[in-house]
1. So who's got an amide H within less than 5 Å of the one on His129, skipping anything under 5 residues away but keeping other chains? H placed 1.01 Å off N, in plane.
2. Can you give the FRET efficiency for Trp136 and Ala32, using 1/(1 + (r/R0)^6), R0 = 35 Å, r = Cβ-Cβ distance, to the nearest 0.05?
3. I'd like to check one number: the per residue accessible area of the range 1-80, probe 1.4 Å, reported in Å² as a whole number.
4. Among rounded, prolate and oblate, which fits the range 46-133 when a ≥ b ≥ c are the square roots of the eigenvalues of its C-alpha gyration tensor, a/c under 1.5 means rounded, and a/b larger than b/c means prolate?
5. How big is the charge dipole of the chain about its Cα centre, in debye rounded to the nearest 20, if each Lys and Arg gets +1 on its Cβ and each Asp and Glu gets -1 on its Cβ?
6. Working out 0.36 nm times the residue gap between Ser14 and Asp126, then minus their Cα-Cα distance, what length gain in nm do you get to one decimal?
7. So what are the ³J(HN,Hα) numbers for the range 108-117, from phi and the Karplus equation (6.51, -1.76, 1.60; θ = phi - 60°), rounded to whole Hz, Gly and Pro as x?
Amino acid sequence: MMRVWVLPVLLLLSGAVLATGLARRGDLAMAAVLLPLFVLFAGVNSPLIFPRPVPAAEAQRRSAADGRPVVYWRPGCTYCLRLRLRLGRDASRLHWVDIWRDPAGAAVVRAANGGNETVPTVVVADGPHTNPDPAWVREQLPPPM
């Protein structure tokens, strides 16, 4: 569970050290620009930007009941972030499984990708799709009620 926070914490610490060094040298303007950038990068790479993950078994049960796709992802994955951002508000209509938190989810991804943990892997009724186009994922959503 802690591994999902390693990259965001490293980005925050690096930004703080860099900004402090620049401020000590008298370059306050550059420090004021870089620190918020590092905070932004840390936020984008944290699990906070994604909808709350559910266990794989629960996501599969919910998907069978409501027909919504299941997205297997991991923090720090640029392709997962791209999918999440391009889906916008529709992202909350999907079932998200963090493979770093859920070993069963990681097993599903490995089974779908020849042993590799390639994410995002989106599972719909016809099977798994690795790194699909966000527009295609949006088309797989059932109409809102």
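1. Val122, Val123, Val124
2. Efficiency computed from Cβ-Cβ geometry: 0.25.
3. I get 61 Å² per residue for the range 1-80.
4. rounded
5. Dipole about the Cα centre, nearest 20: 280 debye.
6. That works out to 35.9 nm of additional length.
7. In residue order, the calculated couplings are 4, 5, 4, 5, 7, 10, x, x, 8, 9 Hz.
The values are calculated or read from the model by the stated rules, or taken from the named source; none is laboratory data. Because the structure is predicted, anything quoted here is derived from the model rather than measured. FYI the Cβ positions are ideal-geometry reconstructions off the backbone, even for glycines, and counts take in every protein chain you see. These area figures cover heavy atoms from the full protein model, side chains too; ligands, DNA and RNA do not enter into them. Shrake-Rupley method; radii C 1.70, N 1.55, O 1.52, S 1.80 Å.
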